[in-house]
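Just so it is clear, none of the values below were taken in a lab; they were calculated from the coordinates. Keep in mind it's a predicted model, so treat the numbers as computed, not measured. We place every Cβ from the backbone using ideal geometry, glycine too, and count neighbours over all the protein chains shown.
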Amino acid sequence: MAKKQYAVIGMGRFGSSVASALTNLGFEVLAIDSNEQKIQEVVGLVTHAVSADTTDEEALRAIGIRNFDVVVVAIGADIQASILTTLILKDLGVPKLIVKAQNELHGKVLQKIGADKVIYPERDMGLRVAHHLISPNILDY
Ligand code: ATP
C-alpha cells in the first residue's frame, strides 16, 4: 500500500513541527506558506516546500492539493485566512482536513464548514501537562 501523502499549510511553530515530524517518520510532506522566508527555513526539513497564498483557489489547484491524502491547516493568527483556506480545500475535495483553531468560536466555524478534525494545540498540551503532573507514575516532569 502506498504511503500517505501529507500537505501542511502554515510554517509557524506548530505547522513546522508537524511537517518535520511526519517527514522524519518517513512520509512525503509538502510544506506551504505564503511567506517565502518561512519556506526557506523548512526547505531541508520536509520533502517539498512551496510558497503560496492558500486563500487563492487557483494556487491550490496548481499545487495539486486534492491529490494529498491529508492536509493540515496550521494558520493561526489570521483567522480569516484559516477559514477561507479550509473552505476552498473542502470544495476541492481533499479527503482529510485537519485544522488548528485559535479559539472555541474559530473551531466551531471550522467544524461547520467541514473540517474533519479541529485541534487546539495550546489547550490540549496544557491538559496533557496537567495530567502528567498529577500522574502517580511520573516521579519527575
Ligand atoms: P504558531 O503558534 O504555530 O507559531 P501561529 O498560531 O502564531 O503559529 P501564524 O504565525 O499566524 O500562526 O501563522 C502560521 C503561518 O501561516 C505563518 O508562517 C504565515 O506566514 C502562514 N500563513 C498565514 N496566512 C497564510 C496564507 N493565506 N497562505 C499560506 N500561509 C499563510
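Key figures
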item: DSSP-defined antiparallel bridges as percent of all bridges, the chain, nearest 5; result: 0 percent
item: R0 of 25 Å, Cβ-Cβ distance residue 36-residue 90: FRET efficiency to nearest 0.05; result: 0.40
item: Value of [θ]222 nm, deg cm²/dmol, for the chain, DSSP H segments ≥ 4, -39500 (n - 2.57) each, nearest 500; result: -13500 deg cm²/dmol
item: Span-like helix ranges in the chain, DSSP H, alpha carbon extent 18 angstrom or more, Kyte mean at least -1.0; result: 79-92, 121-134
item: Over the chain, equivalent-ellipsoid semi-axes from the Cα gyration tensor in Å; result: 26, 19, 14
item: Length added when fully stretched, residue 79-residue 125, from 0.36 nm per residue minus Cα-Cα; result: 14.5 nm
